[in-house]
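To start, the structure under review is shown below, and the notes come after it.
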Amino acid sequence: KQEKTYADTDKRMYVPFYGESYENAGCLDLGCIFIPEDDTEGDGTVMISGIDINSPESAVSSAAVSGYSGDIYCTADSLYIQQVSYSGETDWNGSKTTFSKFALANGVISPVASGTVNGTVLNQFSMDEYNGYFRTATTSYEKLIDGEWNYQPSNNVFVLDEGMNVIGSITDIAPDETIKIA
């Protein structure tokens with residue numbers, strides 16, 4: 001009996017792939033796979049493909065993002081992917097959300113930047129883009145009050161620029177409440 005080697009293994013078991021059928025699917029180039037820097041709660045992978053609608057049998061470009069854990073927000077020009085992580089390194093001992101921004105131009109998927117805010121978003125309706133600025137409403141669940149960690153939900157609104165840097169925020173909105181709709 002012959003042992004199976006790694007060279008014999010179908011790479012699609014480990015590397016994201018795409019194609020018109022499973023038999024004809026090819027693995028993504030490793031340069032098109034993005035892995036978050038921080039630990040995330042998500043273990044999923046989201047696949048992004050740009051397709052020419054006049055020639056839909058092949059993708060113009062494709063990318064994969066690991067660590068996907070939440071909602072996606074998309075405009076005609078940009079795609080935002082949400083990844084949630086947990087850290088006690090700041091005065092917010094709770095979740096943080098990192099948004100990864102990708103440009104969508106002529107079907108070509110290009111990473112732009114990532115930015116992190118405190119809290120988590122309720123759903124895709126808690127995110128939007130206006131005049132190039134990304135806006136999000138989040139809920140935070142634990143915070144430092146008089147030197148002690150307290151489970152007290154509060155809400156936040158953050159505005160990030162094109163480089164995904166926080167340029168404006170309002171925090172601690174409506175203590176003891178959570179966002180139900182945005």
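Roughly how big is region 114-182's charge dipole about its Cα centre, with Cβ charges of +1 (Lys, Arg) and -1 (Asp, Glu), in debye to the nearest 20?
In total the dipole reaches around 160 debye.
Using amide H atoms built 1.01 Å from N in the peptide plane, name the residues 5+ places from VAL60, or on other chains, whose amide H lies under 5 Å from its own.
Amide H neighbours of VAL60: GLY50, ILE51, ASP52.
Just to be sure I understand the curve: with the Debye formula and one point per C-alpha of region 93-138, what is log10 I(q)/I(0) at q = 0.15, 0.20, 0.23 Å⁻¹?
The computed values of log10 I(q)/I(0) come out as -0.45, -0.75, -0.92.
Laboratory data are not the source of any read-out in this text; all were calculated from the coordinates shown. Here the structure is a predicted model, which is why all the values come from computation and not from measurement. A quick note on method: Cβ atoms are made from the backbone with ideal geometry, for glycine too, and the neighbour counts reach across all protein chains shown.
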